[in-house]
Amino acid sequence: MTGSMGGSPGSALSRPARLDALLRTRLDAVADPALDRFAEMVRVVLHVPVALVTLVGADRQYFPGACGLGEPWLGRRQTPLSHSFCQHVVTTAEPLIVTDARLDRRVRDNLAIEDLGVVGYAGMPLTDAGGEVLGSLCAIDHAPRTWTDAELSLLAELAASCSDSLRLRISSYRAEFASEHSRLLLSASTALAGTSTVDEVVDTVRDLVTGALDPAYVGFSLLDDAGQLSLASSRLLPNAVAHRWQRYAKLRSTPSALAAGTGLPVLLPDRTAVGERTPDAAATFDEMGWNAAASLPLPGPDGPIGALTFVWKQPHLVDEDEQATLATLAGYVSQTLTRVQLLEDRRTAAATMQKALLTAVPRHESLRMAARYRPAHHEDHVGGDWYDAVSLDEGRLALVIGDVAGHSIDAAAKMSEYRSMLRTLLIDRHEPPSALLRRLEHTGRTLGLDGIATVLLAYLDPTAAGEHVLTWSNAGHPPPSLLTGGEVSLLEGRDPLLGAGRRVSRRNHTRLLPAGATLVLHTDGLVETRTAPIDDGIRRLHQTLLAHAGLEPGELADAILAGSATAGAGEDDVAVLVVTTPG
């Protein structure tokens, strides 16, 4: 039936501007009191059994205003286009007057004749302010009807009034739209300021536009120096689609590539426009059920740094106001991404420096050892945790575990200085641990190193009987744990932190380690969380040691990390050093 009038009715029904105007009426297959009254007036003044205010979409018609319609149609308030006379009013932009539908070649095959009893029909166009025909105000008779000029004139006047009502709704929508978009931009400036990763930017923008623009997908594509686009929002897509567009040349014909390559907005109001301007994306649009897109370049100092793309499942015409909103949002996003990249560069530099300093433990002639480092889950937390092991003369092994206060590149830098100074002192000075810690503190203060730190320094010295003597001094660090003969104990004895005061008295402690003993040094991130006391973490550590006694140091270190109280929390960095004496 949709083709019986000639021309291309389907394209007329799907015109983006018309569908956009329909959307802005905010009417659907639900009764609207004002439009029901229009239908009632038509029924009364024209003396017809049925009157409808019909809006025609791309694939259906619906009746926000209806009077006299039988069931089940009144309950449903919509039909497919196979039952639509009103579609002809839309496609011709002219009234449709039918005396006997059963004999009229334009509509004689329409299913509404039998299912809804439509025989006599008179429909007048309902238009928006731009002249787009949205539907019709129609009078229906169940018998043949010769419509008089007076009746048609009256129906046309009522249709004009009904059109005014629809235009008022659209105008109201635009006013609310402008207000909502203003709120969106105000919210965006605040919300984006709190982001520190690309993923957070993606999530923030998606949350911001869900109500105001309601896209099916928000895409972020970032342009690199090689002219390649990387999809930063791939986790929002099915795996196969994400993999397809993970990285590709900006010369490809996609909305994002076109916007990033030209520096101009790319507005694709319907599936036809997508196929014509961005054919490389057509298959993905079909696969995802998308019909429209708008892609905005992300401005940078030397040209676009990528593109911000919105996709809708229904045709969507971006008007000037909406385009201005999207362009402003793209500007905010670009500024935020530039800031995030600077933060990422700082984090990467700090993390690289930190990991470079955490070198592999040395090989020792008799002692076996392993070290592990687990960074915090928070990427902006670069900590000052470190471990060290230095083989000295006569089989002596120096062990260090430390933590500079703070989570920043400054903390990592201070950790580097403390570690380097202590390494130099270990090699140059043959003094007890407490004396070296005092020298470390004095040297740091003299050089202006004012960071607070906890450090434990220990020596392991072999004895003629095959045992080892552990000598240590502890500047405010969590005590080590010792596993011997199926029992675990804490090596207590702590003095104040480094940098906590001047002329601090520091003590040495000793313990004889039998053959086969295991010593575990760690930072507080292993045993301490924000929600549980440190004693719980230590108890859990000791349970792990007992359960995995006999493992090689590397396997034991892995088990310790996996079984720690903070394994899933990731609130702090963790350093672990495991040493086993020969059995």
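Summary table below
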| read-out | value |
| --- | --- |
| Protection proxy ranking, peptides 211-218, 548-555, average beta carbon neighbours within 10 Å, highest first | 211-218, 548-555 |
| Sites matching GluC sites (Glu not before Pro) across segment 427-526 that sit in DSSP coil, with at most 16 neighbouring C-beta atoms within 10 Å | Glu467, Glu492 |
| Ranked list, fewest to most other Cβ atoms within 10 Å of each Cβ, for Ile534, Ile560 | Ile534, Ile560 |
| Rounded if a/c under 1.5, otherwise prolate or oblate - segment 358-580, Cα gyration tensor axes | oblate |
| Segment 137-184: C-alpha gyration tensor shape, a/c 1.5 cut-off, then a/b vs b/c | prolate |
| Ranked Ser221, Ser14, criterion: other C-beta atoms within 10 Å, fewest first | Ser14, Ser221 |
| By average C-beta atoms within 10 angstrom, highest first, the peptides 80-93, 33-46 | 80-93, 33-46 |
| At R0 = 25 Å, FRET efficiency that the Cβ-Cβ distance of Ala562 and Val469 yields, to 0.05 | 0.20 |
| The chain: DSSP helices with Cα axial extent of at least 27 Å and average Kyte-Doolittle hydropathy no lower than 0.5 | none |
| Least to most buried among Trp290, Trp472 (fewest other Cβ within 10 Å first) | Trp290, Trp472 |
| Label-to-label distance, nm, for residues given as Leu490 and Asp461 (7 Å Cα→Cβ offset) | 2.8 nm |
| Ranked by how many other beta carbons lie within 10 Å on average, peptides 118-125, 243-250 from highest | 118-125, 243-250 |
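Quick note: the coordinates plus some simple rules give every number you see, no bench work behind them. Nothing here was measured: the structure is a model prediction, and the numbers come from that model. Note that each Cβ is placed from the backbone with ideal geometry, even for glycine, and that neighbours are counted across all protein chains shown.
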